[in-house]
Amino acid sequence: MTASTQRTVLSLYRRAFRIARTWQAQSGVAGDTAAERKYIIQEARTLFRQNQQMTDQGAIKKCIEECEARMEIGLHYRIPYPRATYLPPLGLATQKGRKLRAQQRLRKQAKPIYLESHKET
């Protein structure tokens, strides 16, 4: 990891904790605010530790872009949780003769960058 990349990653990590410290739930309820702050801190720690051993610059760049996108979306919509994608299971258009594997590949390609670290349920 280069020095500039390391600075960027540490800056994003600190920014996540600053956001959590000043976060106010949209509902205004103190219990909701505490739960959402806890979620932000837990999610940041989990994802940063999960990706701590990465060495591939391309993968690191994708993780940085995902982190920035999730922060901006969370601040804009005032929701700390990742926004869901609403694609029906076999709802993507296919050409004739394509099967389930092609549908799964299309779903993976249609996944937004801010949901790359989340597994599909």
*Report, by residue number, each residue of the range 1-24 that is small (G, A, S) and free of Cβ contacts under 8 Å to residues at least 40 places away in the same chain.*
A3, S4, S11, A20
*Can you name every residue in the range 30-40 that is closer than 22 Å to I73 by Cβ, without any contact (Cβ under 8 Å) to a residue 24 or more places away in the chain and either of a type in the set (A, V, I, L, M, F, W, C) or part of a loop (DSSP other than H, G, I, E, B) (or both)?*
A34, A35
*Give R45, R14, R37 a once-over and let me know the one that is closer than 13 Å to M71 by Cβ and either open to solvent by 60 Å² or more (accessible area, probe 1.4 Å) or hydroxyl-bearing (S, T, Y) (or both).*
R14
*For the range 1-29, name all the residues that are part of a helix (DSSP H, G or I) and not hydrophobic (A, V, I, L, M, F, W, C).*
S4, T5, Q6, R7, T8, S11, Y13, R14, R15, R18, R21, T22
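The values are calculated or read from the model by the stated rules, or taken from the named source; none is laboratory data. Not measured: the values here are computed from a predicted model. Cβ coordinates were reconstructed from backbone atoms using ideal geometry, including for glycine residues, and neighbour counts include every protein chain displayed. Note: areas computed on protein heavy atoms with side chains; ligands, DNA, RNA excluded. Shrake-Rupley method; radii C 1.70, N 1.55, O 1.52, S 1.80 Å.
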